[in-house]
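Report on the structure given below.
The values are calculated or read from the model by the stated rules, or taken from the named source; none is laboratory data. The shown structure was predicted, so the numbers you read here are calculated from the model rather than taken from an experiment. No Cβ is skipped: glycine too gets one built from the backbone with ideal geometry, and neighbour counts run over all protein chains shown. Note: accessible area is taken over every heavy atom of the protein model, side chains too, but ligands, DNA and RNA are not part of it. Shrake-Rupley method; radii C 1.70, N 1.55, O 1.52, S 1.80 Å.
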Amino acid sequence: MTIAERRAAAWVRRLAATLLAALPWLLAGCAASAVSREHGAAMTPDDIETTWLGQWAAQSAAPHDGQSGFALVSSGQDAFSLRVLLSEQADQRLDIQTYLMGDGLTTRVLLARLLDAAERGVKVRLLLDDIGAVGQGRRLAALDSHPNVQVRVYNPLALGRGYLTTRVLASIPRAGRQHRRMHNKLWLADGAVALVGGRNLGDEYYSASEPRNFSDLDMMAIGPVVEPLARSYSLYWNHGLAQPIGRYHRAEEGAWRELQASLGEWVGDNGDDAYFTGLRERYADAGQGPLVGRLHWGEGVALWDPPGKPAWPGRPALARTMAGELLAEVGEPSERLVVISAYFVPGRAGTQYLRSLADAGVEVAVFTNSLEATDVPLVHGAYQARRDGLLQSVVQLHELRAEREPGSEGEISVGGSASALHIKALGIDNDRVFVGSANADPRSVWWNTEVGVLAYSESLAAELQALADLGKSSALSYRVDRTEAGQRYWQTEIGGESVRLMSEPGGFWRHLGAGVSRLVPLDSWL
């Protein structure tokens, strides 16, 4: 061996030793000591009846002959305040299921309220997708150290938990399962009040980030539909894919006290933040009305994906998914279909389905993000490939703008650092509404798990339609259409004047990102 070869070999050995030494740091978060995992049960009807929320829900539903009550919550401020209120009013149980948990104004206040509830004796359970726990192990473990709080992560990995990059690298050997996530969002208070929809935990979902014009939607439910939603939570909580956070991150006994103190100090120091000042002014106004507005009454159907879906081999049969159950329950619309989805990837079959409805005389309208507003141009490219086919059948396409026209008003607003639109909802004919966590894309159908509620109510459907009509405003969105010659254009309003743009709004890199998915067939994975 030459001197150069010996030096090269020595360099390789040193590099290998360095990498081996760094591996525990790079893949921080290996499993901690064994932690017990107890089976959890939903609250019994007798338990629910003893709570204030249970009594309120029962009294409200009594005149409505077994129907459920529903309210749409489109305002981010109202959605945050409602969660605070439920945390404060709960007597026995708070069950929370979420995909992501950010760090900011609203999350810290909500965590403080959850610890306050736990101190009152309320049992708090937080079920978080493992991707949402990246970099938050210490905080979640400290929260879990409270005797009345349990935190579990879904579809977890023991490696790479400190950083998103290392978490993704650790996922590669198990990519077949690790690309599948628990996307569900569900809040349950005392088994009596439920919230479903698109909102995770994070400032953008509650209009607390800059710019404060992100759009999302919850549906609050009381009555019989809450029981199956609680059952879905129990199925996920008790599934083998849900593991205690303590198996991956350690916390000293009583670490919650330090967390509670730091959260309390932070809330005290930030009580004069413009967001909280705005909330106080909003609810001090008697004319603002009740927090959730009017309750609409009707039958409710709770729908969710089986909790074991992320571990299934290959692509499941449609009938085994929530999307398949929803299609079977809804049937074929006869008058109107409104699709509101942050990500819209109809694929070949979905495009043909929507075209057949429109060709049969059904009014079909789709609301999604514009290229300039989306946070994933790759997904938008898959939609672009189907856009002309939809327009040929007179399917209405509305793309939400990144920034609304100055001076425009309304509860539906657009823009933000992420997608402008985060709502996941359907309006079917004039009597049905679906609100949940699922986008209109293959990822929500085949790969992720989702949850939602289908409500039968003409008045609720009218309210959703009113929100959609507001979203059609040229100050908020682009109406995509084609000229008689077949050239695509984007109709909108700029400076108070109607403008027709003949090229798609969005910067160079966004167009490039969208172009990639038009060149590479990725539809079934987006």
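What is the sum of charges around TYR456, taking Lys and Arg as +1, Asp and Glu as -1, for the other residues whose C-beta is under 11 Å from the C-beta of TYR456? That sum, taken over residues with Cβ under 11 Å, equals -4. At full extension, GLN491 and ARG282 could sit 71.8 nm farther apart than now, given 0.36 nm per residue minus the alpha carbon distance. A Förster distance of 22 Å, applied to the separation of the beta-carbon atoms of VAL516 and ASP388, puts the FRET efficiency at 0.70. Can you give me the relative contact order of region 181-333 as a percent, contacts being Cα pairs under 8 Å and 6 or more apart? Over region 181-333, the number comes to 20 percent.
Relative contact order, whole percent, for the chain stands at 17, derived from Cα pairs under 8 Å and 6 or more residues apart.
If you take mean projected area of the Cα convex hull in nm² from the coordinates, which of (1) 34.2; (2) 29.5; (3) 23.9 do you get? Identified label for the calculated read-out: (2).
Highest mean first, the peptides 105-118, 256-269 sorted by other C-beta atoms within 10 Å per residue fall in the order 105-118, 256-269. Charged neighbours of LEU378, selected by a Cβ distance under 12 Å, balance to 0 (K, R count +1; D, E count -1). Classify region 176-322 from the C-alpha gyration tensor, please: rounded if a/c falls under 1.5, else prolate or oblate depending on whether a/b exceeds b/c. It is oblate, given that a/c is not under 1.5 and a/b is not larger than b/c. Dividing the summed helix terms, -39500 (n - 2.57) for each DSSP H run of n ≥ 4, by the number of residues in the chain produces a 222 nm estimate of -11500 deg cm²/dmol to the nearest 500. Entry comment: accessible area of the chain is 43 Å² per residue, from protein heavy atoms only and a probe of 1.4 Å. What net charge do the residues around GLY66 carry, taking every other residue with its C-beta under 13 Å from that of GLY66, with Lys and Arg at +1 and Asp and Glu at -1? Around GLY66, the surrounding residues sum to -3.
By accessible area, using a 1.4 Å probe on protein heavy atoms only, region 242-358 has 49% of its surface on carbon and sulfur. Charging the Cβ of each Asp and Glu at -1 and of each Lys and Arg at +1, and nothing else, the dipole of region 432-526 about its Cα centre rounds to 300 debye. Taking square-rooted eigenvalues a ≥ b ≥ c of the alpha carbon gyration tensor, is region 300-350 rounded, prolate or oblate, where a/c under 1.5 means rounded and, failing that, a/b exceeding b/c means prolate? The shape class here is prolate.
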